[in-house]
Amino acid sequence: MTKDKWEDQTNGKIESLGDSAIVIRFGTKIEYEIHRKVQAVVDYLQHNSFQGFIECIPAYTSVTILYNPLQVWNSATNKERQTTTPSKIVRSIVEDLLMNVREEKRAKHRVVEIPVCYGGECGPDLDYVAKVNHLSKDEVISLHSTTEYLVYMLGFSPGFPFLGGMAEELATPRRNSPRTAIPAGSVGIAGGQTGIYPITTPGGWRLIGQTPLQLFLPENEPPSLLAAGDIVKFYSISYDEFMEYKGGGL
């Protein structure tokens, strides 16, 4: 199958990324239909890998496939070694594999409910978000906690979920000057996105609340509570409930 025919049928473009990765790109817009293609590819390759495959990394509009070029080369025939490279071998393998991908075969969305204590010391930017958007604090909390969010990808820091689906009324610009240390579990807004800081890191998102849940535990397998394709539902808890949860009481 030729490159053009594969791209016509899958609406994807394959590009090399160095000598040990390739990228499949499905577009440039952050939208659910593209996410479905990304997730279908990841699901398929996790169950139909090839010699030298290491892992898939999903993003908003692409999938990066990491591979071991030495293992790919060792699995090639003598004829292939005379006429091609590990990158071209992987590209050919992936083109053939992905013709079998069907979006309807992707895994069902897992729903994860996450408690959040909004405002106060847990959400120091709640007042700002409300003021900028001409809303009350209660309206911000209601809008944020009554929406279902899709985890498009994990990135920035280990286990950080980029969530799609936030109400347009809550869109708020980032801080001009990032904070040097944002507490783990902080829930923030940046532009039209919302997300959760799994570990303490610097960051410029507007903080509206904090969850007592631990989103990233390196000793666990998998280490991240959330994964691309999950659905997140926030629900509001009081500060006393937040402290009780942190102390193991809930």
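Annotations for the structure displayed:
- Among the listed pairs K13/K79; K29/K88; K37/K246, those with a Cα-Cα distance over 32 Å are K37/K246.
- Crossing angle, helix 86-98 versus the chain [Cα axis fit, 0-90 degrees, rounded to tens]: 70
- Phi to ³J(HN,Hα) by Karplus 6.51 cos²θ - 1.76 cosθ + 1.60 over segment 36-45, Hz, x for Gly, Pro: 4, 5, 4, 5, 5, 5, 4, 4, 5, 5
- Residues whose placed amide H lies under 5 Å from that of S186, excluding near-sequence neighbours: Y197, T211
- Solvent exposure, largest accessible area first (probe 1.4 Å, DNA, RNA and ligands not counted), of H134, H109: H134, H109
- Take the Cα of E121, step 7 Å toward its Cβ, do the same at K13, and the gap between the two points is 5.1 nm.
- Extension gain (nm, one decimal) between K131 and R110, 0.36 nm per residue minus Cα-Cα: 4.1 nm
- Euclidean distance between Cα centres, segment 220-250 to segment 46-80, Å: 34
- Listed candidates (i) 15.5; (ii) 13.0; (iii) 14.7 - label of the one calculated as mean projected area of the Cα convex hull in nm²: (i)
- Positive-pole candidate from I114, V23, I237, dipole of the chain, charges at beta carbon: V23
The values are calculated or read from the model by the stated rules, or taken from the named source; none is laboratory data. Quick caveat, the model's predicted, so the values are computed rather than measured. When we count neighbours, we look across all protein chains shown, and the Cβ atoms used for this are built from the backbone with ideal geometry, even at glycine. Note: accessible area is taken over every heavy atom of the protein model, side chains too, but ligands, DNA and RNA are not part of it. Shrake-Rupley method; radii C 1.70, N 1.55, O 1.52, S 1.80 Å.
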